[in-house]
Amino acid sequence: MMNPQSDSMIPDHPQSRVVISGIDPEIDLGRYPVKRLSGDRVTVSANVFCDGHDPLRVFLEVIFPGQKEWNRFPMEDRGNDRWSSSFLVGELGVVRFRIIAWIDLIVAFSDRIAKKAAAGHTEETDYAELIIEIQKAADRADPVSRTALEKWTERLSRESDPGIRLVLATDSSLVDLGGLFPDPVSVAHSREDRTILVERERAAVGAWYEFFPRNSAWGERRHATFQDAIKRLPEIRQMGFDVVYPGPVHPIGYGFRKGKNNAPECGPGDVGSPWAIGSDHGGHTAIHPDLGSIADFEAFVFEARSLGIEVAMELALQCSPDHPYVREHPGWFRMRPDGSIHYAENPPKKYQDIYPFDFHCADWKALWQEILGVLLFWGEKGIRLFRVDNPHTKPFAFWEWLLSTVRKTYPDMVFLSEAFTRPNVMYELAKIGFSQSYTYFTWRITKAELIDYVTELTTFPVKEFFRPNFWPNTPDILHDFLQRGGLPAFVIRLVLAATLSSSYGIFGPSYERCDATVLYEGGEEYLDSEKYEIRLWDPDPPVTIRETIARINGIRNQYPALHRNEGVQFLSIEEEFLLAYLKPGVNGTPDILVIVNLDPYNRREGLLSYAPFGSSGSFSMKNLMDGTISIWEGETHRVVLDPQMNSFLIFSREGDGKT
C-alpha cells in the first residue's frame, strides 16, 4: 500500500537531471559580489554533469548594468565535467551572472545514429525519436527557428536515401539550432545569481599622499588655506602621486578640544583635531572657515584634477559636541544615565571631543538618509573617492545599504576602508562593498611575515573581494621599525609598499623627511603630531627621500606589472634579510623583479635563484633606478645590498628571448 505521506512529497514534475556546482568566481556561495575593474575579462567556470552519459548544453547568462535582458555565452567542456566561459566587463556597476544547462536530446539521438551507422546498421526508431525531439524543439522555438526546424523534420521524414538521411540527421546546423529550445522543466539553473562589482581602476591602483592643508604654509607657522595647499600640488605630482588625501576639512568643534600631543586641555591658539567635526560654522557639508570656502575647496579639487591628481575626501561619521546635529538631532546619539551624550572611548583613551552616532537609535532611518545626503552632496562637488574612518565600528548592514545606494547615482565612487581590526571584520567590510582597505602591512616586518601576508591577500578566496592599500605610516602610526631604522628604514618600507601592492600611501611631510620622533618610548604616536597643532615645515629639509619616492612612483606608472597584485612570486634567496619577488607583466609588458634588504643597519649578501628561460643561457636585465643593462648568466645570481648605499634593486626583464 502506498504511503500517502511519502506520495505527498513527490514534486509536480520530474526535476532536471543536471547538477551545477563549484561555481567560480563566487564569494560565500554568491552572497557577496566578486570585484573586477572595468576592462577586465571575467572567466566563469563550474562543475556541470548529469546522471548517465547524455550530452549537455551549458550556457553562461550575464546581465550588465542598465540592461534588462540576459546575454548568453556558450560554455565549453574543459574536461572532467568542468565547464567555462568568459566575457568582458566595461560599464561600472553590478553585473549579474548565472549558469543554465540541460541534456541535449537532439545531440544524443544524432550521435546515436552516427555511431550505429559507423558500426554498419541503422534503426528506424532512432530516426523517429530524433524527428519527435526536433518537432518538440520547434514547438518551443521562436517563429523563425520554428520554420527552420519544421523543414528539418519534413526532410528527414521524406528522405529515403540512407546516405542522405544520415547526413541530414548529423548536420551541425540542425544539431546546433535544435538544442537551443529545451523543455523548460528539464533546464537546470544555478541556485542563486552571482554578482560582480565592476569599478574603475582607482579602486585597485593608486599612490596616495596624505597631508593636512592647514599645514601647507611651508616655512611659516600659521593656519594655511586651500590657496596655500594648491601651491603644494605640483610638488606632490612631481613625486608621482595620483591621489591626495587632505583628511577632514570640516569645521572643528571647541567643546573638549584637544591640545598639542592629544593633551586633554587645549591652550590659546590650539587648533584641535580635524576629526572632531562640527561647529557653529557647520558640519559634514561645510568647510573649515580658516581653510576657506566651498568654492576654495572646489578650486583645490579642480587644480588637482588638472595635474592628474584625484582628491580623496574623508568620511568620518562622528561629531564634536558643537556639531549642528547635536542640537538638532540629539536622538542620533547614545545617552548616558546622567543625560550626557556618550563620547568615544578606546580604554584607557578617552575622546571627549568626539560623539559617535547611534546607528540603531529610534530615528535610525533619518540618520542613515542624512549620511547618504552627505555623500551625494560631495558627489555633486565632483568627489568620487572617499577614505572612510573606522568603518568597523558601524553596522555592516548600514554600509551595505549606503555603498550600494550611493553607487546607483555615482557608480564611479571608490571607498577606502580604514579598519585596523580583526581579519574577518576587515574582510566582511570588503565583501559588502568597500573598494579597498588599509592592512596589517605596517606591522609585517620580517621576510616570513611579508611572504605569508602577501600570499594570503593575493590568493583565493581573499583576492576575489579584498584589495589592499599598503601604508608604512599614518598620522597615528609611527612603527618602531621607522623609529629606529633611520633613512634606510623609510626607503625599505616605501619600496615594499609601492611594489608589493598596487595601491599604497604615505603620510607625506613626515615620511618624505624621515621624521621618526615618537611621543613616548614604546608607543607609535608622533611627537608634535599634525593632528593637534600647526607644524612649521622647512620647504628644503636637510634630510629627504623625495627623489627616491619620485623614481619609485615613476616606475609604478610606467610598468603595469605593479598595477596588479595577483601572480606575485616570491623567489628563493639564501639570506633571511633579503626578500626577492617577481611581479608578472600584463598583456606582454615586462616582468618586474624586486630585491629588498629588510635590514636597515647591515650589509646583506645572498644567492638569488632566477632563471626565466631555464637553466642555461643568458638574459638581459634593466636596472630601473639608473637605467643600466646587465647580462645575467645561469640560474643563480649573487646579490649584495648595503643599506647605507642602497637598500633595494628593481629590474625589468624586457623581451622574452635569450641574448
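Points to keep in mind about this one:
- Karplus-derived HN-Hα couplings along region 585-592 (A = 6.51, B = -1.76, C = 1.60, θ = phi - 60°), whole Hz, x at Gly and Pro: x, 10, 6, x, 7, x, 5, 10
- Applying a threshold of 26 Å to the alpha-carbon distances of LYS447/LYS583; LYS365/LYS531; LYS35/LYS394 flags LYS365/LYS531 as lying beyond it.
- Across region 205-285, Cα pairs under 8 Å and at least six residues apart give a relative contact order of 26 percent.
- Amide hydrogen neighbours beyond the local backbone of ILE592, cut-off 5 Å, H modeled: LYS583, GLY585
- Degrees between helix 294-306 axis and first principal axis of the chain (Cα, 0 to 90, nearest 10): 60
- If you look at the Cα atoms of region 363-521, you get an Rg and a Dmax of 17.3, 53 Å.
- Inverting the pair-averaged 1/r between distinct Cα atoms of region 574-635 gives 13.3 Å as its Kirkwood hydrodynamic radius.
- Taken over the Cα atoms of region 100-174, the convex hull encloses 90 Å³ per residue.
- Descending semi-axes in Å of the chain, equivalent ellipsoid built from Cα gyration tensor: 57, 35, 21
- Spread over its residues, the convex hull of the C-alpha atoms of region 87-229 is 200 Å³ per residue.
- With all protein chains in place and a 1.4 Å probe, the accessible surface of the chain carries 51 percent carbon and sulfur.
- Dividing the mean sequence gap of close Cα pairs (under 8 Å, 6+ apart) by how many residues the chain holds gives a relative contact order of 10 percent.
- Across region 232-314, Cα-Cα distances exceeding 15 Å account for 62% of all pairs.
- The residues of the chain expose, per residue, 44 Å² of accessible area to a 1.4 Å probe.
- Dipole in debye (nearest 20) - region 392-519, about Cα centre, beta carbon charges: Lys, Arg +1; Asp, Glu -1: 120
The values are calculated or read from the model by the stated rules, or taken from the named source; none is laboratory data. Everything numeric in this text was worked out from a predicted model, so none of it was measured. All Cβ positions, glycine included, derive from the backbone under ideal geometry; neighbour counts span all protein chains shown. The accessibility values were calculated without ligands, DNA or RNA, using every heavy atom of the protein model including side chains. Shrake-Rupley method; radii C 1.70, N 1.55, O 1.52, S 1.80 Å.
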